[in-house]
């Protein structure tokens, strides 16, 4: 019985850039919350950690807003 091999897809640089970019952004914010928030908590206590996490959440929302605007502008320009 012949063995069916899955055919590898060709390398798609646009897909590679999108997935890598997403992974880097998610990794950055995980490190920011985990390490940054942990260090703030260690040095300043619970109140400082809550304030730090609120500020980091604001930064995440600002980043999502800017990324959405740039993505929308790119979509608009390419249609």
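Just so you know, all these numbers are worked out from the coordinates, no wet-lab data involved. All of these numbers come straight from a predicted model, not from anything done at the bench. So basically every Cβ, Gly included, is an ideal-geometry build from the backbone, and we count neighbours across all protein chains shown.
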Which residues does a label at residue 55 reach in region 22-39, if reach means a backbone N under 12 Å from a point 7 Å past the Cα toward the Cβ? 37
Distance in nm between label sites at residue 20 and residue 46, each 7 Å beyond Cα in the beta-carbon direction? 4.4
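Tell me what the chain gives for mean residue ellipticity at 222 nm when only DSSP H runs of n ≥ 4 count, each as -39,500 (n - 2.57), the sum divided by the residue total, rounded to 500 deg cm²/dmol. Intermediate results must be reported in sequence, preceding the final value.
Working: 2 runs with 61 residues, N = 79.
Rounded to the nearest 500, the figure is -28000 deg cm²/dmol.
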Compute from the Cα atoms of the chain the Rg and the Dmax, the latter being the longest Cα-Cα distance, and quote both in angstrom. 19.9, 67
